[in-house]
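To start, the structure itself, in structure tokens.
Only the coordinates and a few stated rules stand behind these numbers; no lab work does. Everything numeric here is computed off the predicted structure, so don't read it as measured data. Cβ sites come from the backbone with ideal geometry, for glycine too, and all protein chains shown count toward neighbours.
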Amino acid sequence: MSNLFETMTTDNLLKLKYRLEQAIELSRSCSIDLLERHQAVEEALTNRL
């Protein structure tokens, strides 16, 4: 894969880096949201049992 990056322009590498950083941040946000929802469901089940 490094060969692919060697052929990319600096501008395109910077754009790719920025987009990857955005995707990572979105993934983290989604993971936190899913964890919070999971915890809420577990709490609701505990309250019922």
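Around residue 35, with a cut-off of 11 angstrom between Cβ atoms, what is the net charge of the other residues, counting Lys and Arg +1 and Asp and Glu -1?
-1
Assign unit charges at the C-beta atoms only (+1 for Lys and Arg, -1 for Asp and Glu), then state the dipole size of the chain relative to its Cα centre in Debye, rounded to the nearest 20.
80 debye
I want the local charge near residue 11. Using Cβ-Cβ distances under 14 Å, sum +1 for each Lys or Arg and -1 for each Asp or Glu among the other residues.
Values: positive: 15, 17, 19; negative: none.
That works out to +3.
For the chain, what is the convex hull volume of the alpha-carbon atoms per residue, in Å³? Provide the component values of the computation, followed by the final result.
Numbers: hull volume 2.8 nm³, N = 49.
Cα convex hull per residue, to the nearest whole number: 57 Å³.
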